[in-house]
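Novice: Pasting a structure here, questions to come.
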Amino acid sequence: MVLNLLHWHSFSSSSLLKPTPPLFRFSFAFPFTNLSSFSNKQFIKNPSKHNSSNPKVTNFLRLFDLCRNIENLKPLGSVLIVRDLMRDEYVVAEFIISCFHLGAPGLALSAFEAMEKPSVFLQNLMIRRLCDHGLFEDVLCVYLKCRVLGCPSDDFTFPFVIKACSALGAVWIAEGVHCVVLRTGFEENLVIQTALVDFYAKTGRMEKARLVLDKISQPDLVTWNALISGYSLNGFDKEVFEVLRQIRMMGLKPNVSTFASIIPLCTRMKCLDIGKSIHGFVVKSGFSSDEFLTPALISMYAGGGNLFIARDLFDSAAEKNVVIWNSMISTYGQNQKSSEAFKMFQQMLQANMQPNVVTFVSIIPCCENSVNSWYGKSLHAHVMKYRLDSQLSVATALLSMYAKLGDLNAAEFIFYQMPRRNLLSWNSMISGYGHNGLWEASMDAFCDMQFEGFDPDAISIVNILSACSKLEAILLGKAAHAFSFRKGFDSNLNISNALLAFYSDCGKLSSSFKLFQKMPLRNAISWNTLISGCVHNGDTKKAVALLHKMQQEKMELDLVTLISIIPICRVTENLIQGMTLHGYAIKTGFACDVSLVNALISMYFNCGDINAGKFLFEVMPWRSIVSWNALITGYLFHNLQNEVMASFCQMIREGQKPNYVTLLNLLPACGTLLQGKSIHASAVRTGIIVETPIITSLISMYARFENINSFIFLFEMGGKKDIALWNAIMSVYAQTKNAKESVTFFCELLHARVEPDYITFLSLISACVQLSSLNLSNSVMAYVIQKGFGKHIVISNALIDLYARCGNISIAKKIFEDLSSKDAVSWSAMINGYGLHGDSEAALALLSQMRLSGMKPDGITYASVLSACSHGGFVDQGWMIFNSMVEEGVPPRMEHYACMVDLLGRTGQLSEAYDFVEKLPCKPSVSLLESLLGACIIHGNVKLGEKISSLLFELDPKNSGSYVMLYNIYAAAGRWMDANRVRSDMEERQLRKIPGFSLVEGNRYPVE
């Protein structure tokens, strides 16, 4: 409101300002940046020398020299009013000077406001003093009062008012002041012109800054420095060096201010060679020991990674002020040298150098990378010792540090104890909640920030987009996108990259690509985010296409690109592609990075090259826990249980502590119950047992060894409100053919008021398949629809299979036809359902329909079709489908071979079936041979039955089913002596025939 009034009065006042006396003009023609260095005597005459006719006034002025604190000044202020001395500008001037000297600017303002009509002399004094103390709002208020009261302004007034506008970013107010300057004839004053150049430069309006400078007949070095500073501040790097060239051509010699603007530019551009040249110029110009340039040079060399020269500059400084100490501490902090930064801070204290706000803002972030929180608490104590805890920037740094260290209670305490908060402190709190995984709290803080009247900036939007990604809050994320567009942040690269990550994390790849295409500027982070999103969402083709396009646009692949793209190489066919990426990493020097090597180890194991993965691991100079996990996971992927355990033992010998990922990989590799119990003990000892994935894996392990009491105990020990535990217990019961217990636990889950998820329903449907109960299936489907899980394609696919196996193919067909989108599993489940019901023609027709829809059949689909052909006796169609599968690049697996053998056996082509078995590229499975042996029983082929039986006895000598089937073959052929011999062999081996039972439950109502 004050600023609005000021803007109005700057145009409404019609008073003409008197020209400034020559003495003031001369005294003000010093560099604008050094305005604060003027002494009071340049503007105020010595009271002892002024010709006052009133001796009481002269005696009263001497009282100001006796004031030692604010309490002494207050009575004098009252005396000024009582004795009517407010009209004497020299008395008021001395009072104002004393107020500022003793730290009471409010008292000075009260005295100034009590004056009916202040003079130009007092106006300028007040404005200058307020500027010195950074009270820029009050500067504009004083200027407003003087304009209203008709007090003129001179060439001393305008520079300080413009400086206040610059500090407050009041662009339109400064433009109003500029108009007053032009109207009152002060546009030729060099100091005012320099102030205007400085203002427009600092507010990013470089065209106007340059326009003002070009109108100056003879700009001095101070004016050029203001322009250089603006170009450097606003990222106009080329223009900075062009102005420097112009200065040299004009014969002006750069000074400390010139170099102070150019050296940070070299740091930002990472042009260390140019920086070294500038450093040489500094030395040649005689400024090498300047206390202002030394910190800038230290930062420049530190930015280029040359800490040795930076430290040498620090050590060679004759006098080390707090700025030089701060620059060295900041240098170590920015280069992740936390211990060196702490040592430097300690040496600073030992040198009796008092730290300031910048010191703590530089050193506190170093604690975020420290495991020990003692450093942070110690620095907090020092902050309180030096009474800097009320400084907003220091409090914000402490808040951010505690949040990064996971101490949210301390962070919240500091935040709520702040007397005032700015946008940075709110952003730190929002980010702190997100860093600790409290995404909902992060969103709440974001809303509270806006209720407090703070408009989100680019950092706020990036933070809230991260929360939206984790919570998959698509609508809120889109709202943040719309807000950023409305506020003009759409061109902000950081926000664009955050939006790319948000849409990718939420599975909205199409939105990510649309945004990516519209981005006016992209960097490596943009490409990497989109590539990673494609890989995460399983769209490897788009990921590869993006990689090629990235190379076509001359964008270099960095370390993150390689780590993001390598996971697409996960099958044998991708090995060449993975090796190419490995070669590129070696060529570009990234092959030594631990994270990349870990990704390459996983890639080689996934692609089947175990030796290459093992070699990469062995040649690593340093291995992280992720490296060991990659190796162990690779061995587990190839079912090399012995190597898994050996690697774990070696890992322990080398002093590497396992984490919960390690134990998750070890549990499936346990060959004995004792090994599983050992890992369980390790999880308890290290405290990892509290992790839910560990408990669920332990439940699965104990279920595998049929140790029911142990996995029930683990379930009871875990949190009953965690759906993952309920899913685990239901899953193990379903997998161990205890379907009724699985359904019972589902009922208990409902009684415990735990909300099921889609995994719960998958386990429940699996149990229903085993029970083959149509009534139970109907109940489950009704509950699925009620809870809204019917839209999940995985659940729908499971329901199709369930109804097909329960005998109601019509409902399975209806579910299939009602699917809005079908995947390969949907088609396979329906084809398999037709096969189970003997409708081979419908299965073959559905395969043709699947191909016409553009969906490519996979191995499971072909197994379902071949099984249907087997049930229908379609030999020719079976051979045609088997051959087309091979031609389409789908490698046949044992189940496909088994289907073909079953098809040939059912149709009586036993010799062809046996020839097919003998030509298999791998060893036949027990189920395949049993299928062929069953065909021998049906068709009475005793000779072939004996051959198949001998193979089965070798593969599985304890399988009683093989003996029973051979006995039946002999019995059907009337060879009772051979049949009795088989029975005797069974008795000697203590094998018993497993009694048969029916899985189909009787239904009260006829099946449709």
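Novice: Tell me yes or no: at least one residue of the range 248-258 is hydroxyl-bearing (Ser, Thr, Tyr), without any contact (Cβ under 8 Å) to a residue 40 or more places away in the chain, within 21 Å of Ala296 (Cβ to Cβ) and touching an Asp or Glu at 6+ places or on another chain (Cβ under 8 Å).
Specialist: no
Novice: Does the range 210-254 hold any residues that are in contact with a helix residue (DSSP H, G or I) (Cβ under 7 Å, 6 or more places away or on another chain) and not in a helix (DSSP H, G or I), and which are they?
Specialist: The answer is Ile216, Pro219, Asp220, Asn234, Phe236, Leu252, Pro254.
Novice: Out of Ser378, Ser400, report the one residue that is modelled with pLDDT of 85 or more, in a helix (DSSP H, G or I) and either under 25 Å from the mean Cα position of the chain (by Cα) or surrounded by 23 or more Cβ atoms within 10 Å (Cβ to Cβ) (or both). Even if it seems obvious, please write down each step before you answer.
Specialist: Working: Ser378 fails: either under 25 Å from the mean Cα position of the chain (by Cα) or surrounded by 23 or more Cβ atoms within 10 Å (Cβ to Cβ) (or both).
Answer to the check: Ser400.
Novice: I'd like to know if the range 804-820 contains one or more residues that are closer than 29 Å to Ile695 by Cβ and either not assigned by TED's automatic domain parsing to the domain that holds Val690 or not polar (S, T, N, Q) (or both). Step through it out loud before you land on a result.
Specialist: First pass over the range 804-820, keeping only residues closer than 29 Å to Ile695 by Cβ: none.
Checking the range 804-820: not a single residue is closer than 29 Å to Ile695 by Cβ and either not assigned by TED's automatic domain parsing to the domain that holds Val690 or not polar (S, T, N, Q) (or both).
Novice: Between Ala458, Ala480, Ala473, Ala410, which is buried (at least 23 other Cβ atoms within 10 Å of the Cβ) and not hydroxyl-bearing (Ser, Thr, Tyr)? Show your work before the answer.
Specialist: Numbers: Ala458 fails: buried (at least 23 other Cβ atoms within 10 Å of the Cβ); Ala473 fails: buried (at least 23 other Cβ atoms within 10 Å of the Cβ); Ala410 fails: buried (at least 23 other Cβ atoms within 10 Å of the Cβ).
Criteria check complete, one pass: Ala480.
Novice: Does the range 770-818 hold any residues that are farther than 23 Å from Tyr733 by Cβ and either in contact (Cβ under 8 Å) with a residue 40 or more places away in the chain or among the basic types (Lys, Arg) (or both), and which are they?
Specialist: Scanning the range 770-818 gives Lys791, Gly807, Asn808, Ser810, Ile811, Lys813, Lys814.
This table checks each residue for (1) in a helix (DSSP H, G or I); (2) of a type outside the set (A, V, I, L, M).
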| position | (1), (2) |
| --- | --- |
| Ala302 | yes, no |
| Phe308 | yes, yes |
| Glu319 | no, yes |
| Ser327 | yes, yes |
| Ser330 | yes, yes |
| Gln336 | no, yes |
| Ser339 | yes, yes |
| Phe342 | yes, yes |
| Phe345 | yes, yes |
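Novice: Still on this structure: So Leu910 ticks every box in (1) surrounded by fewer than 15 Cβ atoms within 10 Å (Cβ to Cβ); (2) in contact with a His (Cβ under 8 Å, 6 or more places away or on another chain) but one. Which box is left unticked?
Specialist: Unmet condition: (1).
Novice: Same structure again: If you go through the range 832-853 one residue at a time, how many are crowded, with 17+ Cβ neighbours inside 10 Å and under 43 Å from the mean Cα position of the chain (by Cα)?
Specialist: 1
Novice: Checking Glu706 against (1) assigned to a helix (DSSP H, G or I); (2) over 37 Å from the mean Cα position of the chain (by Cα); (3) within 14 Å of Val732 (Cβ to Cβ), only one condition comes out false. Which one?
Specialist: For Glu706, the exception is condition (1).
Novice: Determine whether Glu841 is charged (D, E, K, R), more than 26 Å from Lys791 (Cα to Cα), modelled with pLDDT of 90 or more and not in a loop (DSSP other than H, G, I, E, B). Outline the logic, then answer.
Specialist: Working: charged (D, E, K, R): yes; more than 26 Å from Lys791 (Cα to Cα): yes; modelled with pLDDT of 90 or more: yes; not in a loop (DSSP other than H, G, I, E, B): yes.
Against the criterion (charged (D, E, K, R), more than 26 Å from Lys791 (Cα to Cα), modelled with pLDDT of 90 or more and not in a loop (DSSP other than H, G, I, E, B)), Glu841 qualifies.
Novice: If a residue must be assigned to a helix (DSSP H, G or I) and over 26 Å from Gly634 (Cα atoms), how many such residues does the range 548-562 contain? Working first, answer last.
Specialist: Pass one, the range 548-562, residues assigned to a helix (DSSP H, G or I): 548-552, 559-562.
Among the residues that remain, those that are also over 26 Å from Gly634 (Cα atoms) are: 548-552.
Qualifying residue count for the region: 5.
Novice: Can you tell me which residues in the range 448-477 are charged (D, E, K, R) and outside any helix (DSSP H, G or I)? It would help to see each step written out before you state the result.
Specialist: Our first condition is that a residue be charged (D, E, K, R); within the range 448-477, this holds for 448, 452, 455, 457, 470, 472.
Those that are charged (D, E, K, R) and outside any helix (DSSP H, G or I): Glu452, Asp455, Asp457, Glu472.
Novice: Go through the range 681-692 and give me each residue that's assigned to a helix (DSSP H, G or I) and in contact with a helix residue (DSSP H, G or I) (Cβ under 6 Å, 6 or more places away or on another chain). Before the answer, list the steps.
Specialist: Start the filter on the range 681-692 by keeping residues that are assigned to a helix (DSSP H, G or I), which leaves 681-686, 688-690, 692.
Of everything in the range 681-692, those that are assigned to a helix (DSSP H, G or I) and in contact with a helix residue (DSSP H, G or I) (Cβ under 6 Å, 6 or more places away or on another chain) turn out to be Ala683, Ile688, Ile689, Thr692.
Novice: I'd like the residue in the range 587-614 that is surrounded by fewer than 16 Cβ atoms within 10 Å (Cβ to Cβ) and either modelled with pLDDT of 95 or more or more than 22 Å from Glu573 (Cβ to Cβ) (or both) and, out of all such residues, is nearest to the chain's Cα centre (by Cα).
Specialist: Ser595
Novice: Just checking, does the range 709-726 include any residue being among the charged types (D, E, K, R), in a loop (DSSP other than H, G, I, E, B) and under 30 Å from Ala646 (Cβ atoms)?
Specialist: Going through the range 709-726, the residues among the charged types (D, E, K, R) turn out to be 716, 720-722.
Next cut, in a loop (DSSP other than H, G, I, E, B) only: 720-722.
In the following step, the residues that additionally are under 30 Å from Ala646 (Cβ atoms) were identified as none.
Looking through the range 709-726, none of the residues is among the charged types (D, E, K, R), in a loop (DSSP other than H, G, I, E, B) and under 30 Å from Ala646 (Cβ atoms).
Novice: Let me ask you something else. Does Leu725 count as buried (at least 22 other Cβ atoms within 10 Å of the Cβ) and over 28 Å from Ile785 (Cβ atoms)?
Specialist: Numbers: buried (at least 22 other Cβ atoms within 10 Å of the Cβ): yes; over 28 Å from Ile785 (Cβ atoms): no.
When the stated conditions are applied, Leu725 does not pass them.
Novice: Restricted to the range 494-510, and to residues that are over 13 Å from Ala480 (Cβ atoms) and hydroxyl-bearing (Ser, Thr, Tyr), which residue is surrounded by the fewest Cβ atoms within 10 Å (Cβ to Cβ)?
Specialist: Across the range 494-510, the extreme among qualifying residues is Ser510.
Novice: Also: Leu500 versus (1) out of contact with any helix residue (DSSP H, G or I) (no Cβ under 6 Å at 6 or more places or on another chain); (2) closer than 30 Å to Lys541 by Cα: which is the lone unmet condition?
Specialist: (1)
Novice: I've got another one for you. Taking Leu776 as meeting all but one of (1) assigned by TED's automatic domain parsing to the domain that holds His680; (2) in contact with a Cys (Cβ under 6 Å, 6 or more places away or on another chain), write down the number of the exception.
Specialist: Among (1) assigned by TED's automatic domain parsing to the domain that holds His680; (2) in contact with a Cys (Cβ under 6 Å, 6 or more places away or on another chain), Leu776 violates only (1).
Novice: Continuing with the same structure: Hey, among the residues in the range 460-497 that are within 26 Å of Lys542 (Cα to Cα) and in contact with a Cys (Cβ under 6 Å, 6 or more places away or on another chain), which one's modelled with the lowest pLDDT?
Specialist: Filtering first and then ranking leaves Glu472.
Novice: Taking helices (runs of 4 or more DSSP H) that do not extend beyond the range 563-647, which have at least 1 residues that are among the acidic types (Asp, Glu)? Break it down stepwise before answering.
Specialist: On the way: elements: 575-588, 594-606, 610-618, 625-637.
Those helices (runs of 4 or more DSSP H) span 610-618.
Novice: Confirm whether Ala445 is part of a helix (DSSP H, G or I), without any contact (Cβ under 8 Å) to a residue 12 or more places away in the chain and closer than 30 Å to Lys508 by Cα. Give the steps one after another, and end with the answer.
Specialist: Values: part of a helix (DSSP H, G or I): yes; without any contact (Cβ under 8 Å) to a residue 12 or more places away in the chain: no; closer than 30 Å to Lys508 by Cα: yes.
When the stated conditions are applied, Ala445 does not pass them.
Novice: Just a yes or no: is a residue in the range 784-802 surrounded by 17 or more Cβ atoms within 10 Å (Cβ to Cβ) and over 42 Å from the mean Cα position of the chain (by Cα)?
Specialist: no
Novice: Can you tell which of Gly940, Gly974 is closer than 23 Å to Leu904 by Cβ and more than 60 Å from the chain's Cα centre (by Cα)? Even if it seems obvious, please write down each step before you answer.
Specialist: Values: Gly974 fails: closer than 23 Å to Leu904 by Cβ.
Criteria check complete, one pass: Gly940.
Novice: When only residues in the range 227-239 that are within 35 Å of the chain's Cα centre (by Cα) and not charged (D, E, K, R) count, which is surrounded by the most Cβ atoms within 10 Å (Cβ to Cβ)? Step through it out loud before you land on a result.
Specialist: Going residue by residue through the range 227-239, those that are within 35 Å of the chain's Cα centre (by Cα) are 229-238.
Narrowing further to those that are not charged (D, E, K, R): 229-236.
Values: Ser229: 23, Gly230: 27, Tyr231: 25, Ser232: 21, Leu233: 17, Asn234: 17, Gly235: 13, Phe236: 18.
It comes out as Gly230.
The values are calculated or read from the model by the stated rules, or taken from the named source; none is laboratory data. Computed from a predicted structure; not experimentally measured. Cβ: placed from backbone, ideal geometry, glycine included. Neighbour counts: every protein chain shown.
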